[in-house]
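Visitor: Questions regarding the structure given below will be posed in turn.
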């Protein structure tokens, strides 16, 4: 069936999201998408991808900026888009947007999903992949194979997953390490159901090469790559194409999957992480080894309302509006200067200038963005492809305001 182009969208609040997907090659990211409690209303949202960022304005318009090699910033020309640019076809409201490494997906008011950008591994779900005509899509096309209304979408490395109103999970894209949860050969170009998750799921998060689902029992199940223990089942033995239960994790509020790390926010406001501990990514003050089961993040036993996990670090938003981050500080891929490549925090540390007033956070590949209570958006980290949206390609250790958004 010829894929249908999406021409109109609409909007629901997501405090955080980020991820990573590829025009050529295999890499990854993070995003948590929760089922809305009621009908969605327009609200500003940001989603940092691998080397680009997208957001939704108060009126529901989608704007993107940063790397545009695969059309992920929506333009047909220009490799870099250094400040926000409105996307054609998004002249009405959007429900939610999730950015992968080189692709994005948006949830419409009608419950359909449209994706654009790289399609090298079928991550757009439009029936094509890795061909001259099917590799890059600068405009959104409707995902094929979704059987019912979708309430959340999460873009990962080379794959994407969606959650339906019946609590079922469908995924599409590359499956080398089983992250799409589908027993197929190499690539799934249209949405397919994840075995064992036909009902009972309340939130999803697609990471680099794995995916996690929050169940209505407040437990978490994950599948895909497990080489660093990111599935949380006590092993690093293999990849799984069916969901496995994360050990010892209960009363979970939300889950966020990164490249080789996964974190969960508990109902009590505490944060636990598992997976690769290198560069302080677990936040337990030990920057070495793997954690194959959930491990308490230092100092975050309570008081957290949102988390976001990316490629090079993690952040937690507290009730007081303060942003605490750990892992790679500089997020320095593509930046010059030793500080961008060597420094990291092995436990949560306040972000200078963001000690209060933060209402949302999104971790990208090597950059981070925060939404403030005055509706401004600030970003910091790598900016070699314009992903900070300040009109330059200068890397920033401190947050800088995005130009023209919202």
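Visitor: Could you check how many residues of the stretch 83-101 are in contact with a strand residue (DSSP E or B) (Cβ under 7 Å, 6 or more places away or on another chain) and closer than 21 Å to residue 378 by Cα? Walk me through how you get there before you give the answer.
Guide: First pass over the stretch 83-101, keeping only residues in contact with a strand residue (DSSP E or B) (Cβ under 7 Å, 6 or more places away or on another chain): 83-90, 94-100.
Those still in the list that are closer than 21 Å to residue 378 by Cα too: 83-87, 96-100.
Number of matching residues: 10.
Visitor: Condition first: assigned to a loop (DSSP other than H, G, I, E, B) and either within 22 Å of residue 367 (Cα to Cα) or in contact with a helix residue (DSSP H, G or I) (Cβ under 8 Å, 6 or more places away or on another chain) (or both). Now tell me which residues in the stretch 290-309 satisfy that. Walk me through how you get there before you give the answer.
Guide: In the first step, residues of the stretch 290-309 are kept if they are assigned to a loop (DSSP other than H, G, I, E, B); the result is 297-303.
Answer for the stretch 290-309, where residues must be assigned to a loop (DSSP other than H, G, I, E, B) and either within 22 Å of residue 367 (Cα to Cα) or in contact with a helix residue (DSSP H, G or I) (Cβ under 8 Å, 6 or more places away or on another chain) (or both): just 297.
Visitor: I need the strands (runs of 3 or more DSSP E) fully contained in the stretch 160-270, keeping only those with at least 3 residues that are buried (at least 17 other Cβ atoms within 10 Å of the Cβ) and touching a residue at least 60 places away in the same chain (Cβ under 8 Å).
Guide: Working: elements: 169-174, 187-193, 201-206, 210-215, 220-224, 240-245, 252-257, 261-266.
Result: 187-193, 201-206, 240-245, 252-257.
Visitor: Same structure again: Of the numbered conditions (1) free of Cβ contacts under 8 Å to residues at least 60 places away in the same chain; (2) surrounded by fewer than 18 Cβ atoms within 10 Å (Cβ to Cβ); (3) not in a loop (DSSP other than H, G, I, E, B), residue 326 satisfies every one except a single condition; which is it?
Guide: (2)
Visitor: Now, a different point. Does at least one position in the stretch 130-142 carry a residue that is at pLDDT below 95, in a loop (DSSP other than H, G, I, E, B) and either buried (at least 24 other Cβ atoms within 10 Å of the Cβ) or touching a strand residue (DSSP E or B) at 6+ places or on another chain (Cβ under 6 Å) (or both)?
Guide: No, the stretch 130-142 contains no residue that is at pLDDT below 95, in a loop (DSSP other than H, G, I, E, B) and either buried (at least 24 other Cβ atoms within 10 Å of the Cβ) or touching a strand residue (DSSP E or B) at 6+ places or on another chain (Cβ under 6 Å) (or both).
Visitor: Sticking with this structure for a sec: Pick from the stretch 320-334 the residues that are in contact with a strand residue (DSSP E or B) (Cβ under 8 Å, 6 or more places away or on another chain) and modelled with pLDDT of 75 or more: which of them is nearest to residue 372 (Cα to Cα)?
Guide: Applying the first criterion (in contact with a strand residue (DSSP E or B) (Cβ under 8 Å, 6 or more places away or on another chain)) to the stretch 320-334 yields 321-332.
Cutting the leftovers down to modelled with pLDDT of 75 or more gives us 321-328.
On the way: 321: 9, 322: 10, 323: 11, 324: 14, 325: 16, 326: 20, 327: 22, 328: 22 Å.
Restricting to residues being in contact with a strand residue (DSSP E or B) (Cβ under 8 Å, 6 or more places away or on another chain) and modelled with pLDDT of 75 or more, the top hit is 321.
Visitor: Could you run through the stretch 389-399 and say how many residues are under 20 Å from residue 327 (Cβ atoms) and free of Cβ contacts under 8 Å to residues at least 24 places away in the same chain?
Guide: First, pick out the residues of the stretch 389-399 that are under 20 Å from residue 327 (Cβ atoms): 395-399.
With the extra rule that they be free of Cβ contacts under 8 Å to residues at least 24 places away in the same chain, the set shrinks to 396.
Qualifying residue count, the stretch 389-399: 1.
Visitor: Can you find even one residue in the stretch 90-102 that is outside any strand (DSSP E or B), modelled with pLDDT under 90 and within 21 Å of residue 118 (Cβ to Cβ)? Give the derivation first.
Guide: Applying the first criterion (outside any strand (DSSP E or B)) to the stretch 90-102 yields 90-95, 100-102.
Okay, now just the ones that are also modelled with pLDDT under 90, so 90-95.
Add one more test, that the residue is within 21 Å of residue 118 (Cβ to Cβ), and what stays is 90, 94.
Yes, the stretch 90-102 contains at least one residue that is outside any strand (DSSP E or B), modelled with pLDDT under 90 and within 21 Å of residue 118 (Cβ to Cβ).
Visitor: Follow-up. Within the stretch 271-289, can you find the residues that are outside any loop (DSSP other than H, G, I, E, B) and over 20 Å from residue 248 (Cα atoms)? I'd like the intermediate steps shown before the answer.
Guide: At the first step, the residues of the stretch 271-289 found to be outside any loop (DSSP other than H, G, I, E, B) are 271-276, 278-280.
Across the stretch 271-289, the qualifying residues are 278, 279, 280.
The values are calculated or read from the model by the stated rules, or taken from the named source; none is laboratory data. Remember, it's a predicted structure, so these values are computed and weren't measured experimentally. Positions of Cβ are backbone-derived with ideal geometry, glycine not excepted, and every protein chain shown enters the neighbour counts.
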